[in-house]
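The values are calculated or read from the model by the stated rules, or taken from the named source; none is laboratory data. Fair warning: this is a prediction, and the values are worked out from it, not measured in the lab. A quick note on method: Cβ atoms are made from the backbone with ideal geometry, for glycine too, and the neighbour counts reach across all protein chains shown. Just the protein is used for accessible areas: all its heavy atoms, side chains included, with ligands, DNA and RNA removed. Shrake-Rupley method; radii C 1.70, N 1.55, O 1.52, S 1.80 Å.
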Amino acid sequence: MKIYAAPLEGLTDGVWRHVHQEMFGQVDKYFIPFITPNQNMMLPPREQRAVRRDETVYAVPQLLGKEPEPFLHTCRMLAMMGYEELNLNLGCPSGTVTAKVKGSGMLREKEQLDRFLDAVCGKCALPLSLKIRIGYEKASEFPALWEIFARYPMPEMIIHPRTKKEGYTGPVHDECWRYAAENAFCPLVMNGNIVSPADAARYPETDTFMLGRGLMADPALPRVMKGGAPLSREEMAEWIARLEQGYAQEHQPLAVFIRMRDHLKYLAFHFTDAKKAEKAIRKARTMEDLHEAVRRLLDCPMTEQLPQVAKT
């Protein structure tokens, strides 16, 4: 089984990837939250930091784009930095992204999507995979989209079987996954509502899974899915402490606070009877508040099975 770490903006940054690789490993590819090529042919400082190489981690930059020339130029820049492959984001459902006809917004404009793929697939400086949704508004859009995708060479396809409209809520459309599996033209990666070995077993057509929110709630999930031990309380405490230490070396105190609070909201899914701790996390205004919330959280019982809410 192969496990990929999904790109979650503000969460799966360089610090998170480095600490996770050191503590847990078991992730075959870490995907870097998307960067956006622009007409200036330059990456702004924030995105330069985002794609800074870490030799200890196998990472795949993800790109948004709708203009071939800046997209291909950025691909060449990333190749020169030493990356080995790239990923095109056709799945982001954010309104600010889709309004620019990027991310899953491109799925609504099929002719433009076809022209863009024709211009970049096979011409990119590195192998280019796709991360897709099954449609913009309806799952019934998927066969027509699949016909477009099938025209172009790619090393693999990561499928999140929801539409842009559905975002991250509700059940995934297994019928669309089955359609893709039956008509596959490249290796497929399942992404969406995978938080246990049992979830993965529902998709025997693939042995490759991308984990997102489940991985945020349980950093040991890749190990568990590969037959290893569940997360221990001691590991959870060390994970939280090492994340904070890593962020403190990279960011100002306010940024450290924001990142740790966001991570703790997910990690709280791994505990039961934790309502007071969860409330303390939400109400925290300082690192001291967060430290107290962590102490409360670590006193709560841990669960080996993440709740359904961690799948959304």
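Listed here are the residues, each with its yes/no results for (1) over 24 Å from E9 (Cβ atoms); (2) small (G, A, S); (3) not in a loop (DSSP other than H, G, I, E, B).
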| position | (1), (2), (3) |
| --- | --- |
| Q249 | no, no, yes |
| I258 | no, no, yes |
| R261 | no, no, yes |
| D273 | yes, no, no |
| A277 | yes, yes, yes |
| H291 | yes, no, yes |
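Return yes or no: is A217 hydrophobic (A, V, I, L, M, F, W, C), open to solvent by less than 40 Å² (accessible area, probe 1.4 Å) and within 28 Å of E238 (Cβ to Cβ)? Taking the combined requirement at face value, the residue satisfies it.
Restricting attention to the range 133-145, the residues that are touching a Phe, Trp or Tyr at 6+ places or on another chain (Cβ under 7 Å) and either open to solvent by 10 Å² or more (accessible area, probe 1.4 Å) or under 18 Å from T36 (Cβ atoms) (or both) add up to 1.
Considering the range 89-123, and only residues there that are in contact with a Phe, Trp or Tyr (Cβ under 8 Å, 6 or more places away or on another chain) and not in a helix (DSSP H, G or I), the residue that is farthest from A79 (Cα to Cα) turns out to be P93.
For the range 165-238, the helices (runs of 4 or more DSSP H) that sit wholly inside it and include 3 or more residues that are touching a strand residue (DSSP E or B) at 6+ places or on another chain (Cβ under 8 Å) and more than 26 Å from V294 (Cα to Cα) are 174-182.
Determine the pairs where a residue that is among the charged types (D, E, K, R), located within the range 240-255, has a partner that is surrounded by 12 or more Cβ atoms within 10 Å (Cβ to Cβ) and part of a helix (DSSP H, G or I) with Cβ atoms under 7 Å apart, the partner being 6 or more residues away or on another chain. Matching pairs, first to second residue: R242/V19; R242/M23; E244/V256; E244/M260; E250/V15.
Can you tell me which of A150, A198 is among the aliphatic types (A, V, I, L, M) and either at pLDDT 95 or above or open to solvent by less than 10 Å² (accessible area, probe 1.4 Å) (or both)? Walk me through how you get there before you give the answer.
On the way: A198 fails: either at pLDDT 95 or above or open to solvent by less than 10 Å² (accessible area, probe 1.4 Å) (or both).
Only one candidate passes the filter, namely A150.
I'm checking my understanding of the structure. Among residues of the range 94-104 that are open to solvent by 20 Å² or more (accessible area, probe 1.4 Å) and of a type outside the set (A, V, I, L, M), which one is farthest from P7 (Cα to Cα)? Applying the filter and picking the extreme gives K100.
Does P253 satisfy the criteria of being open to solvent by 50 Å² or more (accessible area, probe 1.4 Å) and under 23 Å from the mean Cα position of the chain (by Cα)? No, not satisfied. Being buried (at least 18 other Cβ atoms within 10 Å of the Cβ), touching a strand residue (DSSP E or B) at 6+ places or on another chain (Cβ under 7 Å) and modelled with pLDDT under 95 holds for only one residue in L86, L90, L43, and it is L43. Number of residues in the range 1-24 that are part of a loop (DSSP other than H, G, I, E, B), farther than 17 Å from Q62 by Cβ and free of Cβ contacts under 8 Å to residues at least 60 places away in the same chain equals 0.
Just one of (1) under 26 Å from V294 (Cα atoms); (2) touching a helix residue (DSSP H, G or I) at 6+ places or on another chain (Cβ under 6 Å); (3) not hydroxyl-bearing (S, T, Y) fails for Q249. It is (2).
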